[in-house]
Amino acid sequence: MTKLLLSIHVLASILVVGPIAVAASMFPRYARQAGEDGPSSAAAALLHRICAGYAIVGVAVPVFGIATGAQLGVLTDAWLIVSIVLTAIAAAILALAILPGQESMIEASEKGEGGDVARAAARLSGLTGAFNLLWAVVVVLMIVRPGSTTSA
């Protein structure tokens, strides 16, 4: 059962978090160009839908991760607790800052508010970088598992 849970957790991480990271990283560029270019506007809207849709499915990643940790008996290990906290922070950044920021950029570009879009794009790029960095740290913790009795 542990191997199945771990497999689902890893696959969900790759197939869900990966597209969010890529789409969120690409979004500011297309949102900046959206006021000038119809195809860029459609691309920005698509990237936002990808982020929002995959964010909902992304709940599977920590659910299967916690289930795997419970099966392995490592839920109280520091590396896993830190990973859970970092995952929660990344989820909060996505839900409370990135997704609303994307929505406001789409609205601003539709209204032709170029200055607002440029400032929002810079802020959103930084938030997306932080989101991606948090996931990179979680991945390293999952591989290294400092202090874990299950480490290789």
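Summary of computed values
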read-out	value
Breaking point among (1) more than 18 Å from ALA122 (Cα to Cα); (2) open to solvent by 60 Å² or more (accessible area, probe 1.4 Å); (3) part of a helix (DSSP H, G or I); (4) without any contact (Cβ under 8 Å) to a residue 40 or more places away in the chain, for MET26	(1)
Residue within the stretch 3-26 that is on the phi < 0 side of the Ramachandran plot and touching a Pro at 6+ places or on another chain (Cβ under 6 Å) present	no
Top-ranked residue of the stretch 59-77 - restricted to ones that are free of Cβ contacts under 8 Å to residues at least 24 places away in the same chain and of a type in the set (Gly, Ala, Ser), ranked as surrounded by the most Cβ atoms within 10 Å (Cβ to Cβ)	GLY69
One residue from LEU80, LEU124, LEU134, LEU96 being of a type outside the set (Val, Ile, Thr) and either open to solvent by 40 Å² or more (accessible area, probe 1.4 Å) or not in a helix (DSSP H, G or I) (or both)	LEU96
Residues of the stretch 29-52 satisfying the condition of being of a type in the set (Gly, Ala, Ser) and surrounded by fewer than 16 Cβ atoms within 10 Å (Cβ to Cβ)	GLY38, ALA42
Qualifying residue in the stretch 1-16 (condition: in contact with a His (Cβ under 7 Å, 6 or more places away or on another chain), of a type outside the set (Phe, Trp, Tyr) and surrounded by 14 or more Cβ atoms within 10 Å (Cβ to Cβ))	no
Hey, ILE20 modelled with pLDDT of 90 or more, surrounded by 13 or more Cβ atoms within 10 Å (Cβ to Cβ) and not charged (D, E, K, R) or not	yes
Verdict on ARG49 being under 30 Å from ARG119 (Cα atoms) and either of a type in the set (Phe, Trp, Tyr) or within 15 Å of the chain's Cα centre (by Cα) (or both)	yes
Residues within the stretch 3-62 that are out of contact with any helix residue (DSSP H, G or I) (no Cβ under 7 Å at 6 or more places or on another chain) and closer than 24 Å to LEU96 by Cβ, tallied	9
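The values are calculated or read from the model by the stated rules, or taken from the named source; none is laboratory data. This one's a predicted model, so the numbers in the text were calculated from it and none came from an experiment. Here the Cβ is made from the backbone with ideal geometry for all residues, glycine too, and neighbour counts use every protein chain on show. For accessibility, only protein heavy atoms count, side chains too; no ligands or nucleic acids. Shrake-Rupley method; radii C 1.70, N 1.55, O 1.52, S 1.80 Å.
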